[in-house]
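A.B. asks: This is the structure I have questions about; it appears just below.
The values are calculated or read from the model by the stated rules, or taken from the named source; none is laboratory data. Note that this is a predicted model, so its numbers are computed, not measured. Heads up, the Cβs are rebuilt from the backbone with ideal geometry, glycines too, and the neighbour counts pull from every protein chain shown.
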Amino acid sequence: MQPIQAKTALTLIGVIAAATGPLWTSLPAQAFTVTHSGVDYDITTRTGTFDSLKSLLIQQPWWASTPAEETSAKALAEILAGLLETNLGLPNVPIQGPSNTLPIGTFEEGPYFAFFQTGNEISEINWDNDGGVEEDTIDLDNSISMLFDEVNNPITTPARDVAFSFAIVEPTQSVPTPALLPAMLGMGASIIRRRKKQASA
C-alpha cells in the first residue's frame, strides 16, 4: 500500500472536469454485485470531485462517520474492493512523470472506496492492478501534477478540483453500515428475549 504522496491518482475524465469546474459529475456506471456475509452489494461508480459527491459518499455502508467506526469501515471497504477487483474497470489513472515507468495515461486503479475524512484528507481503498487492494489518502489541499506538457513540465491542479471515480451503492439499496450493525444485533437479541418472556408467561 502506498500513500497518496508517493502515488496520487486521477481519472482521465478528471482532466476535463478540472477544466470545466468542480461541480461536474457523471451518471452511475453499470453495477456489479458482490456478496459478503450474506449481503449483496450492487456496486457502481460515480465520477466527480469529492466535494461534489460528498453527500452521496457519506451514505455508503463503508463510510465511517466517527473515528470509532473507522476500523470496521476500512475492513468492509478492503473486502469489497478485493471482491470487486477489476469488474468495474480501472477508471483511475496514477499521476505519471518523467521518472515513472508506466506510460502516461495508463489505467491502473479501480474505483475508490472512500471510507473516512480527517480534516481535508480522505482515506480510500482501491484495487491496484499492480498489487491488489491498497489504501491511499487524498489530500484535498494538495496541488497535484495532473499532466505534463511537451517538455515534461508539470501542470498542477488542486486535488479538490480533480474528478475521481468513486465506488458507491445506490441509495435505493438497503445494506447494513458499520454504525448500524451493532444496533441491529442488539435489536435482534431484544426481540428474542421478549418472545421468550411472552412464551413463558
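A.B. asks: Among the residues of the stretch 140-147, is any of a type in the set (D, E, K, R) and modelled with pLDDT of 85 or more?
C.D. replies: Restricting attention to the stretch 140-147, the residues satisfying the condition of being of a type in the set (D, E, K, R) are 141.
Among the residues that remain, those that are also modelled with pLDDT of 85 or more are: 141.
Looking for residues that are of a type in the set (D, E, K, R) and modelled with pLDDT of 85 or more, one finds at least one in the stretch 140-147, hence yes.
A.B. asks: Report whether or not residue 124 is modelled with pLDDT of 95 or more and either surrounded by 15 or more Cβ atoms within 10 Å (Cβ to Cβ) or assigned to a strand (DSSP E or B) (or both).
C.D. replies: For residue 124, the condition - modelled with pLDDT of 95 or more and either surrounded by 15 or more Cβ atoms within 10 Å (Cβ to Cβ) or assigned to a strand (DSSP E or B) (or both) - is met.
A.B. asks: Does the stretch 55-65 include one or more residues that are of a type outside the set (Asp, Glu), under 19 Å from residue 119 (Cβ atoms) and free of Cβ contacts under 8 Å to residues at least 60 places away in the same chain?
C.D. replies: Scanning the stretch 55-65, I find at least one residue that is of a type outside the set (Asp, Glu), under 19 Å from residue 119 (Cβ atoms) and free of Cβ contacts under 8 Å to residues at least 60 places away in the same chain, so the answer is yes.
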